[in-house]
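One structure is given here, and the rest of the page talks about it.
The values are calculated or read from the model by the stated rules, or taken from the named source; none is laboratory data. Note that the coordinates shown come from a computational prediction; the quantities given were computed from them, not determined experimentally. Positions of Cβ are backbone-derived with ideal geometry, glycine not excepted, and every protein chain shown enters the neighbour counts. With ligands, DNA and RNA removed, areas are computed over all heavy atoms of the protein, side chains included. Shrake-Rupley method; radii C 1.70, N 1.55, O 1.52, S 1.80 Å.
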Amino acid sequence: SSAGGHFNPTGAPQGRAGRGAHHAGDADNLVANARGVATVDAHFASVTLGGSPATNVIGRAVVVHAAPDDYTSQPAGN
């Protein structure tokens with residue numbers, strides 16, 4: 001909870017990035033292998049490093065939840 005809420009500067013609904021309405025903090029679920037290792041290669045088109053406060057993610061956290069996101073439930077998935 002200390003990381004704060006999802007990055008959502010436009011007040012968009014929670015969803016799946018690249019597939020309809022979603023907010024800037026939405027990302028696909030990660031899948032770990034049998035050893036618990038997950039590899040991530042993500043591109044966030046709606047955010048910047050620096051610049052406008054509406055898109056700037058400097059100083060924000062990346063949070064990995066234990067349960068998978070259903071990309072539908074509001075406000076923050078499953």
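Normalised by the number of residues in the chain, the average gap of Cα pairs under 8 Å and 6 or more apart makes the relative contact order 28 percent.
At a probe radius of 1.4 angstrom, the accessible area of the stretch 22-78 per residue rounds to 77 square angstrom. Here the gap between Asn8 and Val64, fully extended at 0.36 nm per residue and compared with their Cα-Cα distance, gives a gain of 18.5 nm.
Here the Karplus curve 6.51 cos²θ - 1.76 cosθ + 1.60, taken at θ = phi - 60°, turns the phi angles of the stretch 34-41 into couplings of 4, 8, x, 9, 10, 10, 10, 9 Hz, with x standing for Gly and Pro.
In whole percent, and with a 1.4 Å probe on the protein chains, what portion of the accessible area of the chain is carbon and sulfur? That fraction is 54 percent. For the chain, the set of trypsin sites (Lys or Arg not before Pro) satisfying both a DSSP loop assignment and a count of at most 16 other C-beta atoms within 10 Å is given as Arg35, Arg60.
Multiplying the residue separation of Ala21 and Val40 by 0.36 nm and subtracting their alpha-carbon distance yields 4.6 nm. Per residue of the stretch 58-63, what does 6.51 cos²θ - 1.76 cosθ + 1.60 with θ = phi - 60° give for ³J(HN,Hα)? Whole Hz please, x for Gly and Pro, Karplus curve as stated. Each residue's phi maps through the Karplus curve to give 4, x, 9, 10, 9, 10 Hz. Matching the structure-derived log10 I(q)/I(0) by the Debye sum over Cα atoms at q = 0.12, 0.15, 0.16 Å⁻¹ against the labelled list (1) -0.61, -0.72, -0.75; (2) -0.36, -0.56, -0.64; (3) -0.39, -0.60, -0.67 gives the label (2).
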